[in-house]
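First up is the structure itself, then whatever we jot down about it.
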Amino acid sequence: MANHASADFRRREFLGLVGAGALTAALPWTAQAQAPVASLKLGFIGAGREGGALGTLFAKAGHPVMFSSRHPETLADLVASAGPNAKAGTVEEAVAFGDVIALVVPYTAVEQIGKDNAAAVAKKRLLIDISNPIPRRDGEDFVKQINDMGGPGLATAKYFPGAKLVRGFNAIGFGKLSGDAAKSDGKIGVPIAGDDKGAIDLAEALIREIGFEPVLVGGLAMGKYLVPGTPLAGEHSPAELKQIAATLK
């Protein structure tokens with residue numbers, strides 16, 4: 001009888017292992033979900049000064065990067081300076097290419113880009129919103145409209161429903177990015193805002209890869225403070241960012 005029980009246990013154990021193997025085989029996304037951060041591809045919607053500087057940092061850190069434009073042929077110099085990990089394409093090509101999407105455009109373009117690409121972006125592991133509504137460029141009335149929606153964090157979430165969204169790199173000027181990354185070693189903080197824990201964790205890992213220290217200041221509603229001219233803008237240590245964020249509501 002003991003032998004029968006032992007045989008029955010081994011049979012159940014074997015079936016359990018087979019079932020687990022079958023389940024793993026049936027879920028091809030499992031391996032992709034566990035892909036290391038260093039292997040992720042980044043698609044940049046926008047390749048201006050900020051997007052170009054940030055994308056170059058990620059390309060030089062080893063990430064495949066695609067910059068995008070309506071006229072990708074004009075990005076040859078940027079691609080050459082970013083190195084062999086960089087290439088150029090259309091917005092649609094960059095969205096298809098990237099595991100992570102970086103949105104770095106004038107904020108007046110965000111709504112239309114969302115209409116055209118939100119469904120595809122929602123399937124990505126992360127959307128980093130680096131775009132800012134700027135009064136002198138976009139107009140006071142437009143900025144008021146975005147603020148009435150709760151600020152750029154909540155507005156972007158509306159334009160990209162379902163996206164795993166984090167705002168970040170909004171308050172450090174493009175001219176400072178390369179120099180700050182080289183000298184930072186965690187001493188310069190990058191405030192971020194988001195509601196999705198998985199997206200926040202991934203954004204933090206990517207930010208650390210290029211030499212900065214992420215500081216979560218709150219949910220997407222706090223994204224209204226991640227723009228030039230607010231107390232969180234400019235270069236601050238992580239400790240300073242935490243102190244400043246504690247005073248904001």
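Read-outs throughout are calculated quantities, based only on the coordinates presented, and are distinct from any laboratory measurement. Just so it is clear, the structure is predicted and the values come from calculations on it, not from any experiment. Glycine also receives a Cβ, built like all others from the backbone with ideal geometry; neighbour counts cover every protein chain displayed.
Side notes on the structure shown:
- Note on Asp195 and Ala96: the model spin-label points, each 7 Å out from Cα along the C-beta direction, lie 3.1 nm apart.
- Rg and Dmax of the stretch 140-249, both derived from C-alpha coordinates alone, stand at 13.6, 40 Å.
- Each of Leu127, Met149, Tyr107 was scored by the projection of its Cα onto the charge dipole of the stretch 107-154, and the greatest displacement toward the positive side belongs to Leu127; charges sit on the C-beta of Lys, Arg, Asp and Glu.
- Relative packing of peptides 79-89, 94-104 - highest average C-beta neighbours within 10 Å first: 94-104, 79-89
- Taking amide H positions as modeled 1.01 Å from N, with prolines and chain starts lacking one, the residues under 5 Å from Leu216 and 5 or more places away or on another chain are Ile192.
- Within the stretch 214-249: backbone nitrogen closer than 17 Å to the Met149 label point (7 Å, Cα to C-beta): 220-227
- Additional length obtainable on full extension of the chain from Lys158 to Ser237, 0.36 nm per residue less Cα span: 25.3 nm
- Long pairs among Lys144/Lys176; Lys176/Lys197; Lys60/Lys176; Lys164/Lys249; Lys124/Lys242; Lys115/Lys176, criterion Cα-Cα beyond 25 Å: Lys144/Lys176; Lys176/Lys197; Lys124/Lys242; Lys115/Lys176
- With both labels modelled 7 Å from their Cα along Cα-to-Cβ, the Asp77 to Val37 distance reads 3.3 nm.
- Extension gain, Ala205 back to Phe174 (0.36 nm per residue minus Cα-Cα distance, nm): 9.1 nm
- Between Leu248 and Lys123, full extension at 0.36 nm per residue minus the direct alpha carbon distance yields a gain of 41.8 nm.
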